[in-house]
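Working notes, structure below.
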Amino acid sequence: MDRRRIVGQIRVQEIFLGGGRRSWTILWPDGALHEEADRFLRRYDGEPGTQRTYAYLLVDHLRWLEREALGLAEVRLRDLQRYMGIVGTEVRMPLGGPWRLGKQPYGNSTLSTAASVLKGFYLGLGDGNRSAELRSDLDRVRLPSKADKNRSLLGHVVSGMPANPLAPRKSVRRHPKLLPDDGRARILRKVSTARDRMIVTWLYDGGFRIGEVCGLHLMDLHLRDNAECAQARAAHMHICHREGNLNEARAKTKYPWELVNGVVHGGLIRRVSPEMIHTYFAYMTSEYPRSAAIGHGMLLVQLAGECHGQPLAPAGVRSMFRRAGLRAGLGRVHPHQTRHNFATAVLDVSGGNLMIARDAGGWASSATVDEIYGHTDIHAPQFDAALRKVWSEA
């Protein structure tokens with residue numbers, strides 16, 4: 001069977017391993033295993049989140065190869081650069097036909113990940129599909145940067161560092177998309193359930209990622225002072241990465257956690273506001289079904305239909321937030337925008353303290369906070385006053 005005649009049908013296959021563990025691989029249209037892709041993905045068997053992301057990035061590339069009628073052994077660096085340009089925002093060369101119709105182009109972060117996936121995949125190909133020319137083009141080195149030297153704690157490192165010719169240029173500064181100042185009140189006026197009011201409040205006051213809030217279990221919430229875990233004096237919650245959630249929600253952070261005598265310890269600890277506690281109790285006493293508490297024990301559940309009481313998936317939260325934003329006249333909004341508002345507000349109040357903003361929002365590095373949020377707000381009073389003074393003097 002000529003598999004290349006069936007364009008766009010290569011697919012990602014999720015494999016359930018038992019005990020809540022899962023794995024991902026790639027199959028041909030006839031259901032046969034794509035051996036080269038499977039060999040590459042097996043390197044990440046112990047990292048399900050990474051393996052899943054890499055599988056979907058790789059399958060997109062393999063579908064593109066089908067459309068271009070390119071075999072693995074025929075691919076050259078120019079082809080990979082053309083592909084990276086097609087899935088990204090711009091490229092300065094003839095592209096051919098469009099790709100990923102109806103989908104957003106990859107952002108800079110996704111392009112960097114895709115570049116790593118493609119380099120690792122092609123360097124690991126078997127002898128029958130390996131191109132010596134492509135391998136030579138991809139297997140490059142560069143001089144170590146200052147950051148490399150700092151990480152190695154050696155100021156005299158001169159050995160070569162791996163380089164990726166497919167990687168995009170890193171943007172110096174990113175500007176987040178913020179919701180307007182009155183966006184919270186306008187959205188809250190357009191939601192109709194205690195659950196949705198709690199979700200909006202928690203997103204704004206906690207700066208959560210969507211996977212974090214959808215992956216919460218009731219046992220993760222320690223909403224009173226001096227809780228049994230003794231890991232924080234004030235009311236807080238533990239964000240725990242779980243692969244086996246029924247709604248497939250996963251926290252991005254993977255800090256170790258454990259259950260000790262029925263009490264959650266570890267994970268990523270985040271403070272909660274009084275308003276978050278208030279909306280939680282309003283939701284729990286009016287809408288949360290008892291069957292969910294004694295069943296799966298997850299916080300967010302569906303409130304209507306045949307799936308009443310089942311965990312609410314991240315897609316459901318995004319849809320609710322988007323509908324409320326449209327009804328409030330805010331256009332097409334996303335829950336992640338509240339995280340941008342949260343980080344910007346924390347930086348403003350803390351005087352630009354990156355460490356406080358990092359811990360408040362659960363970022364792994366303050367460098368990320370600095371890159372996205374650590375710049376002067378052009379609408380801040382001090383910024384406005386400085387400009388007006390310069391303009392008047394001019």
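Miscellaneous remarks
- In the stretch 109-143, the residue that is modelled with the highest pLDDT out of those that are outside any helix (DSSP H, G or I) and in contact with a Gly (Cβ under 8 Å, 6 or more places away or on another chain) is Val141.
- Any hit, the stretch 7-16, residues being outside the structural domain of Ala249 (by TED's automatic domain parsing), closer than 30 Å to Thr253 by Cβ, touching a helix residue (DSSP H, G or I) at 6+ places or on another chain (Cβ under 6 Å) and in contact (Cβ under 8 Å) with a residue 24 or more places away in the chain: yes
- Any hit, the stretch 329-338, residues being within 23 Å of the chain's Cα centre (by Cα) and farther than 20 Å from Glu212 by Cβ: yes
- Per-region count, the stretch 37-74, residues outside any helix (DSSP H, G or I) and farther than 20 Å from Glu248 by Cα: 3
- Failed item in (1) closer than 27 Å to Leu188 by Cβ; (2) out of contact with any strand residue (DSSP E or B) (no Cβ under 9 Å at 6 or more places or on another chain), with Met298 passing the rest: (2)
- Cβ pairs under 6 Å, 6+ apart, first in the stretch 177-201 and among the charged types (D, E, K, R), second assigned to a loop (DSSP other than H, G, I, E, B): Arg186/Ala328; Lys190/Ala328; Arg195/Glu287; Arg197/Val191
- Qualifying residue in the stretch 307-321 (condition: in the same structural domain as Cys240 (by TED's automatic domain parsing), basic (Lys, Arg), under 24 Å from Gly215 (Cβ atoms) and assigned to a helix (DSSP H, G or I)): yes
- Among the strands (runs of 3 or more DSSP E) confined to the stretch 198-283, the ones with at least 3 residues that are assigned by TED's automatic domain parsing to the domain that holds Arg322 and not charged (D, E, K, R) are located at 236-239, 257-260, 263-266.
- Only residues that are among the charged types (D, E, K, R), in contact with a strand residue (DSSP E or B) (Cβ under 7 Å, 6 or more places away or on another chain) and within 22 Å of Leu125 (Cβ to Cβ) were counted across the stretch 7-38, and they come to 2.
- If the condition is being among the charged types (D, E, K, R), touching a helix residue (DSSP H, G or I) at 6+ places or on another chain (Cβ under 8 Å) and at pLDDT 70 or above, then the stretch 364-390 contributes only Asp370.
- Per-region count, the stretch 346-364, residues in a helix (DSSP H, G or I) and surrounded by fewer than 16 Cβ atoms within 10 Å (Cβ to Cβ): 3
- Among residues of the stretch 284-300, those that are in a strand (DSSP E or B) and more than 23 Å from the chain's Cα centre (by Cα), counted: 0
- Whichever residue in the stretch 41-57 is over 17 Å from the mean Cα position of the chain (by Cα) and of a type outside the set (Phe, Trp, Tyr) and, among such residues, is modelled with the lowest pLDDT: Gly46
The values are calculated or read from the model by the stated rules, or taken from the named source; none is laboratory data. Please read all numbers here as calculations on a predicted model, not as lab measurements. Here the Cβ is made from the backbone with ideal geometry for all residues, glycine too, and neighbour counts use every protein chain on show.
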